[in-house]
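Just so it is clear, none of the values below were taken in a lab; they were calculated from the coordinates. Because the structure is a prediction, the values reported are computed rather than measured. Neighbour counts are summed over all protein chains in view; Cβ atoms, including those assigned to glycine, are modelled from backbone coordinates with ideal geometry.
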Amino acid sequence: MSDLNHRGHALLQDLDGFSVEIDETRERADIVLHRPPFNVISMHARDQLRAVFEALDEDDRVRVIVVRATGEHFSSGGDIKGFLEASPEHVSKLAWNIAAPARCSKPVIAANRGFCFGVGFELSLACDFRIVTDTTFYALPEQKLGQIPGSGGSARLQSMVGIGRTKDIVMRSRRIPGKQAYDWGIAVDCVADAELESATDALVDELRAFSPLAQRTAKKLLNDTEDSPLSIAIELEGHCYSRLRASDDFREGVEAFHGKRKPAFRGS
């Protein structure tokens, strides 16, 4: 991580329970959880994850970010004891830290196998795309601790699957298998466990083929208009479309279409 730069540089030293791998050839960065066997995410790691996403967002070598884990499980959740030891002020920042993938202008993919509970699920929900396997279970089990999700889990889930299904998951601490998550629209793909890496690779390459500028614009527009009235969303979409109309990438896309060739987008 010494080659990553960020205004909170100290947070990028001695990463707690995860690592970052950058493949310049494939324009890809992987954030890899590795605290076996369940990849528990510590309080300090939440601060570090935010800083890492902000650093990768500014890194010109990276087009797509993948969040994945080593072993059989993505993450069983957070460090339970850490909640009692952290100050109320620190705890109040949890949702902001875990929302870092959503704020990042680049596409972010969560590759989820095995347990994906608590903050592991919340981190994945903040990503743009989730790929699950036949081993995946999603859950927000905080009710069993006398708590509620505190890092955006219930709010993001409700916007995806509605209040009824969210109450069923949150208030009963239910585990949702990967296939059901796919059927409900939480995940974009459900594959055999052995195919998770290849499915993730394919999605990375698919996203890299598009204009970086158009991708950034689409993500921000969709995030900004998620809770907007239809009329406002359509108005903002029109402004974004107009701005892209003047881009080099749009001209390249049109010329490539008429020339029956693959476009070479530059992100400008």
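How about Lys262: which lysines have a C-alpha closer than 25 Å to its C-alpha, ignoring those fewer than 8 places off in the same chain? In chain and number order, the partners are Lys106, Lys219.
Using 1/(1 + (r/R0)^6) with R0 = 45 angstrom and r between the beta carbons of Ser105 and Met171, what's the FRET efficiency to the nearest 0.05? Working from the Cβ atoms, E equals 0.85.
For a quick check: sort Ser268, Ser173 by the number of other beta carbons within 10 angstrom, fewest at the front.
Ordered by Cβ neighbours within 10 Å, fewest first: Ser268, Ser173.
Here, segment 29-80 has an Rg and a Dmax of 11.9, 36 Å when only alpha carbons are counted.
Among the chymotrypsin sites (Phe, Trp or Tyr not before Pro) in segment 27-100, none sits in a DSSP loop with a Cβ that has at most 15 other Cβ atoms within 10 Å. Between segment 91-167 and segment 228-268, the alpha-carbon centres lie 31 Å apart.
Taking every DSSP helix (H) stretch of at least 4 residues in the chain, weighting each as -39,500 (n - 2.57) and dividing the sum by the residue count yields a mean residue ellipticity at 222 nm of -12500 deg cm²/dmol.
Given Lys93/Lys144; Lys144/Lys179; Lys167/Lys220, which pairs have Cα atoms separated by over 26 Å? Show your work: numbers first, answer last.
On the way: Lys93/Lys144 22 Å; Lys144/Lys179 24 Å; Lys167/Lys220 28 Å.
From the list (Lys93/Lys144; Lys144/Lys179; Lys167/Lys220), the Cα-Cα distance tops 26 Å for Lys167/Lys220.
What full-extension length gain, to one decimal in nm, is calculated for Arg61 and Arg261 as 0.36 nm per residue of separation minus the Cα-Cα distance?
Working: separation 200, 0.36 × 200 = 72.00 nm, distance 2.51 nm.
Computed gain between Arg61 and Arg261 is 69.5 nm.
Net charge dipole, the chain: roughly 580 debye, given to the nearest 20, about the Cα centre with Cβ charges of +1 for Lys and Arg and -1 for Asp and Glu. Rounded to the nearest 20 debye, the dipole size of segment 179-268 about its Cα centre is 600 debye, using +1 on the Cβ of Lys and Arg and -1 on the Cβ of Asp and Glu.
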